Amino acid sequence: MSQNNQNEITDASTSSQCEQGYTHAIDLMHECLTEHGFLATPTEQDNYRRIWGRDSSIIGLAAVLSEHTDLIEGSRRSLETLARYQGPHGEIPSNVDPTTDRVSYGGTTGRVDADLWFVIGCGAYWRATGDDAFLKSMIEPLEKVRFLLGCWEFNTRGLLYIPPTGDWADEYLQSGYVLYDQLLYLQAQRELCAIHRQLHQTSDHDLEDRVARLKHLISDNYWFNHDNELPDDLYHEVLYENGRKAAPQRGGSYWMPFFSPFGYGYRFDAMANAMVMLLEVANEQQCAAVDDYIAEKIVQKDIMLLPAFDPVITPKDEQWDDLQTMFSHTFKNAPYEFHNGGLWPVVTGFYAASLAKRGKFELAKKYRDGIHAANRMRSQDRDWSFPEYVHGQDHTPGGTSPMGWSAAAAVIATKTIEGKQLFCSSRETRDQNET
C-alpha cells in the first residue's frame, strides 16, 4: 500500500472518530438538559446533579457554539434558574437544585467564579441569539453581580481577592489574586461593556477604562520578565521583585498562578495559561513561550490532555499536609488525581480553543482528539464515560462521570477549530462601541 493511501485511511479513521466523539458529546449535553437548564451530570453523585453557576454556564457556551436550538434554549434556562436563586448581595449560586429549592453559594467560602461565568454566559447567549428580552430581564441580576464583584476587590484597585476554595480549584491550595479569576473578571467586564452599549446606545466609559486597566494589571503582575526593569503597573513592587528572584527559572516560561500577601505561587495553572492566550492578554512571544513550555514540560506524548496544575504535590512536599485538609466530601487530591495532576478534558478544551484562535489548527486538532480519547474511556458500564478527569499516571478515568463539561470541551474544541469564536474579544467590543 502506498504512503498516500495509508495517509488517506488514517485521515478517514480520524475523521470518523471525531464525528463519533462530537455526536456522543452532543448526546450527553442533551442528557444533562432539564426544564431548569443544564445539570453538571445526569447521574446522582454528591451534589453534582444540579444547575451549577460554573459547569452549566460552560456547557451553555458549548451549546451556543453547537447551534442546536434546544441546547441554546437550555443555556437560557440555566442562566434564568441561577438568577432566580441569586443571593441577597448578588451571589450567583455555586449550585442549586430547583426541584427541592436546595441552594449552595459555596462551602467554607463562596465561589467567586460562579458569578463570573454567569456574566460571561449571559453575554454569550445574548450575542448568539439577539434575545434582547432576555437581556432586559437580566439587567438587575447582572448589576447586582457587578456591584458584588467590585466589593470583592476589597481595596478598589482592580483585582479580585479570591479566598481559599473560592473557585473551580475548590480543593486545591491557591488563593489571593488568582490569575484564572482575574481573566474571567476581564471577560465578564467586556461582556458588560457590550451589554451596556446595546441597552443604552452609548458607551460606559468608566467600565471601559476598568477593562483596559485590568488587562494591564494582568499583563504586568503575572508574567516574570528576564530583564532588570520592573513593569509599569505593579500591584505590589516588593512582592513582584521577591517573587521573580525566588523563581528565576520560571520567568519567561509561563504565567504565574496567583500572588497574595504571602508571596507568589509558582505551579503551572493550565486553565489560566490557556485563558490568558484565549482572551488576548498574552502577546505573540508570550504565547510561543507557553506553547513551548506545555510541549516540553507538561503534555504527555501518549495522551494529549493537560493537567489542572503541575507539578504534582506529593507526601514529601511541605504543602501536602495542608492539601489533605482541603476537601468537602472525601479527599480527592492524591498524587495525579483531581486537581493534583489529574488530566482534564475541560481544561484541554480551552487550550485547544486558544490554539485555534491563533491559527494553530493542526496542534489544536491533536488536543481535540485527546479530548475525544478521554471521553470515550469505558467506566461504570458506559463505553463513552466522559470522565471528570483522567489519572495523570495510569491514564484511567477518574472523578464523576459522565460530566457535561467534558462533553462541552469536545464541542468547544471542535467548533473553534471550525472557525467559531468562543468569546467576544476586546476588539469586537471596541468596534461595537464605535458603531
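The values are calculated or read from the model by the stated rules, or taken from the named source; none is laboratory data. Note that this is a predicted model, so its numbers are computed, not measured. Please note: Cβ atoms are built from the backbone with ideal geometry, for glycine as well, and neighbour counts cover all protein chains shown. The protein model used for the area step is the full one, side chains on, heavy atoms only, and it has no ligands, DNA or RNA in it. Shrake-Rupley method; radii C 1.70, N 1.55, O 1.52, S 1.80 Å.
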For residues that are loosely packed, with under 15 Cβ neighbours inside 10 Å and in contact (Cβ under 8 Å) with a residue 12 or more places away in the chain, tally how many sit in region 152-172.
1
Looking at region 136-151, which of its residues are crowded, with 19+ Cβ neighbours inside 10 Å and among the β-branched types (V, I, T)?
V145
Matching residues in region 366-378 (touching a Gly at 6+ places or on another chain (Cβ under 9 Å) and either surrounded by fewer than 21 Cβ atoms within 10 Å (Cβ to Cβ) or among the small types (G, A, S) (or both)) number 3
Selection within region 215-235 - within 12 Å of Q182 (Cβ to Cβ) and outside any helix (DSSP H, G or I)
Y222, Y235
Sort through Y180, Y185 and tell me the only one that's open to solvent by less than 20 Å² (accessible area, probe 1.4 Å), out of contact with any Leu (no Cβ under 9 Å at 6 or more places or on another chain) and at pLDDT 95 or above.
Y180
Residue in region 236-257 that is farthest from Y172 (Cα to Cα), counting only those that are assigned to a loop (DSSP other than H, G, I, E, B), open to solvent by less than 10 Å² (accessible area, probe 1.4 Å) and in contact with a Phe, Trp or Tyr (Cβ under 7 Å, 6 or more places away or on another chain):
G251
Looking at region 75-87, I want the residues that are farther than 14 Å from T34 by Cβ and have a partner that is open to solvent by 20 Å² or more (accessible area, probe 1.4 Å) and not in a helix (DSSP H, G or I) with Cβ atoms under 7 Å, at least 6 apart or on another chain. Which pairs are those?
Y85/V103; G87/Y105
So in region 204-219, with the set limited to residues that are open to solvent by 30 Å² or more (accessible area, probe 1.4 Å) and in contact (Cβ under 8 Å) with a residue 12 or more places away in the chain, which one is farthest from G263 (Cα to Cα)?
E208
Which residue out of L363, L422 is open to solvent by 10 Å² or more (accessible area, probe 1.4 Å), under 30 Å from L173 (Cβ atoms) and either modelled with pLDDT of 95 or more or part of a loop (DSSP other than H, G, I, E, B) (or both)?
L422
Cβ contacts < 7 Å: first residue part of a loop (DSSP other than H, G, I, E, B) and among the hydroxyl-bearing types (S, T, Y), restricted to region 391-404; second residue at pLDDT below 95 and open to solvent by 40 Å² or more (accessible area, probe 1.4 Å), any location; separation 6+ or different chain. Result?
T400/Q45; S401/Q380
Listed residues G130, G107, G123; which is surrounded by 19 or more Cβ atoms within 10 Å (Cβ to Cβ) and out of contact with any strand residue (DSSP E or B) (no Cβ under 8 Å at 6 or more places or on another chain)?
G123
Are any of the residues in region 119-127 out of contact with any Phe, Trp or Tyr (no Cβ under 8 Å at 6 or more places or on another chain), outside any helix (DSSP H, G or I) and farther than 18 Å from C32 by Cα?
no
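Residue-wise test of (1) under 21 Å from A124 (Cα atoms); (2) assigned to a helix (DSSP H, G or I); (3) among the polar types (S, T, N, Q).
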| residue | (1), (2), (3) |
| --- | --- |
| G60 | yes, yes, no |
| V64 | yes, yes, no |
| D70 | yes, yes, no |
| R77 | yes, yes, no |
| A83 | yes, yes, no |
| P93 | yes, no, no |
| T99 | no, no, yes |
